[in-house]
């Protein structure tokens with residue numbers, strides 16, 4: 001893994017982790033699904049416009065369209081939509097921790113569904129990672145966290161698992177920026193339906209809301225997605241996913257810094273266990289990455 005890939009991976013982890021705190025700010029003063037649908041409409045429009053300016057084709061193969069739609073629905077509409085709704089009652093740090101279990105779910109799915117071989121280090125990482133999640137869940141649930149919101153976050157990370165498994169094929173045509181824009185527009189179109197039918201579009205305008213929304217559109221919404229696609233193409237899905245081990249710590253740290261969310265001793269212990277578990281799972285797969293590209 002070269003130095004440029006490392007910088008891209010760390011940058012992606014920071015941007016991805018910060019999205020939970022900015023989302024928590026947004027949903028406090030705006031309807032979650034409507035805000036997310038507008039965000040994707042803006043981000044997707046910008047990405048498609050930039051792609052056309054760079055000469056990237058919008059005519060995708062049938063397989064690319066299928067995977068782009070799947071990715072747009074699973075990541076943008078389901079994963080992010082459910083997380084935005086959940087963060088009306090669930091703290092950003094907890095949502096970040098649940099979402100950070102993505103590599104564990106990807107590895108477990110590959111093992112149980114696809115019959116992939118998991119080495120002892122990977123098995124130990126899975127056990128440790130899920131144990132860390134259980135520690136935090138037990139602490140938060142006993143403290144009165146909203147179980148419905150937690151369930152929405154859990155369903156969301158499962159949707160993101162399927163999106164991650166589909167990602168490589170969707171970005172294989174060289175027109176990465178176009179793919180990014182189109183999958184955002186897919187998510188926007190899907191989200192507008194429940195936003196119109198189920199939500200009351202009441203907004204409490206403020207400079208904090210405007211700043212959080214603008215940041216979410218351009219940084220985790222657009223820049224992080226582009227960096228992730230490029231990183232996956234550069235070093236493969238397995239090696240790129242290694243950087244997810246940074247997300248539990250970064251998500252909790254950013255939420256504590258920006259939102260003042262409190263952390264207990266068991267929370268910190270759980271984050272440490274999850275981080276080490278994710279790292280173990282990904283390191284157990286790294287030798288296989290050479291054959292993936």
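The numbers here are math on the coordinates, done by the rules we state, and not lab data. Model, not experiment: these values are computed from the prediction. Cβ placement follows ideal geometry from the backbone for every residue including glycine, while neighbour counts extend to all protein chains displayed.
Sequence-distant contacts, meaning Cα pairs under 8 Å at least 6 residues apart, place the relative contact order of region 3-292 at 41 percent.
Taking each DSSP H run with n ≥ 4 as -39500 (n - 2.57) and averaging over every residue of the chain yields -24000 deg cm²/dmol at 222 nm. Can you tell me how region 35-105 classifies by the Cα gyration tensor, rounded, prolate or oblate, using a/c under 1.5 as the rounded cut? Prolate. Sorting 29-37, 56-64 by their mean Cβ neighbour count within 10 Å, with the most densely packed peptide first, gives 29-37, 56-64. Mean-square fluctuations from a GNM of the chain, with a 10 angstrom spring cutoff on Cα atoms, peak among 278, 26, 123 at 123. Remark: spin-label model distance residue 6-residue 206 equals 4.1 nm, labels positioned 7 Å along the Cα→Cβ axis. Under Stokes-Einstein, with the Kirkwood radius over Cα pairs standing in for Rh, what whole-number D in µm²/s applies to region 1-130 at 25 °C and 0.890 mPa s? In µm²/s, the coefficient is 140. Taken over the Cα atoms of the chain, the convex hull encloses 130 Å³ per residue.
Taking label points 7 Å from Cα along the Cα-to-Cβ direction, residue 218 and residue 258 give a separation of 1.5 nm.
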